[in-house]
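A short reminder: the numbers here are calculations on the coordinates, not readings from a lab. Remember, it's a predicted structure, so these values are computed and weren't measured experimentally. Note: ideal-geometry Cβ built from the backbone for every residue, glycine included; neighbour counts use all protein chains shown.
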Amino acid sequence: MNRRHFFVAQAGWPALLARSGRGAPRATVRTEIKRLKLRHTWTTTMSSSDYRDTLYVAYTNDGLTGHGEGAPIVRYRENAEGARQAVESVRELLAAAEPWQFAKIMQQVFGQGEWAGKAAIDIALMDWVGQKLGVPLYRYFGLDPRDTPVTTFSIGIDNPEKTRQKVREAADFPVLKIKVGLDTDEATIAAVRSATDKPLRVDANEGWKDKEVAVRKIDWLAGQGVEFVEQPMPAEMLDEMHWVHSRVHVPLIADEACRHASDIPKLAGAFDGVNVKLDKAGGILEAHRMIQLAKALGLKTMLGCMVSSSVSVTAPRIFRPWWTMPTWTAIC
Ligand code: MG
């Protein structure tokens, strides 16, 4: 048994490798950590940073290269080096696998964990598939690009002066998403409202730990022209979210509480919709599954992103959820 076959056997890939019908790898897989330097310090209730590292993956096969990217999520204890190592651990398996079996490939890489690495592989593979078929992926999924909804622009937590500056810089975006979840929420929204009367959407990133505080904040935000509130309370406080949901009149969207399709059924009744992100889900295929399931359960859907480059940000635009509100994060 040579080294490649040893790794294949350890990872449970003999069937895929056997179907590839070749003794030598057909594809090449390249990984690179990309450091994205931010114009503004990006602060949420989770963390604060001046740059973000993402994982870029290039999958080359038969003269075509698919490009993928995954943004590690600190909330789930991910980092770029971990994502890179995860992809490197299956490099030889990807090289030997039959790319047209992309769904099966994505079911088997990694198992649980390292979702950013998985997303980078998935996006690269699906980009390759689209190129190979000669059709954009929205057509592969039967979607209409004219249905692409209005994009929102996210404003991270900052002092009032900086917040006003960020709002002015986002003049081209008709809808803003404002990060809240701290004691400064009222000052933040007041700063935003002093600079614009645009529709707002708000993301508390699990910041409110008390259900009565959450209801009070949401009711106040409703009077400030806020269209929905994302993840008001910690993901595990689902009983409290049922209580909150029954008392407010603004749509509530699950983000941190909704990582994969299996999370969605229990969210009905506590939320009105779910935020689907490729970096959380592990790529396009799982995101598609999440959207279909959420719609079947009567939940609204939105597409979100992490701080990442256009390689990752453009990928979810192939979808047209029933009620979609992409959230392009502030980078550059
Ligand atoms: Mg969010």
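So Val276 passes all but one of these: (1) farther than 28 Å from Trp128 by Cβ; (2) in a strand (DSSP E or B); (3) in contact with a helix residue (DSSP H, G or I) (Cβ under 7 Å, 6 or more places away or on another chain). Which condition number does it fail?
(1) is the only condition that Val276 fails.
How many residues are touching a Ser or Thr at 6+ places or on another chain (Cβ under 6 Å) and away from the ligand (no atom under 14 Å from the Cβ) when one looks only at region 251-307?
Qualifying residue count for the region: 2.
Which of the helices (runs of 4 or more DSSP H) contained wholly in region 58-144 include at least 1 residues that are in contact with a His (Cβ under 6 Å, 6 or more places away or on another chain)?
115-133
Tell me, which residue of region 119-168 that is surrounded by fewer than 22 Cβ atoms within 10 Å (Cβ to Cβ) and among the hydroxyl-bearing types (Ser, Thr, Tyr) is farthest from Leu38 (Cα to Cα)?
So the residue we want is Tyr140.
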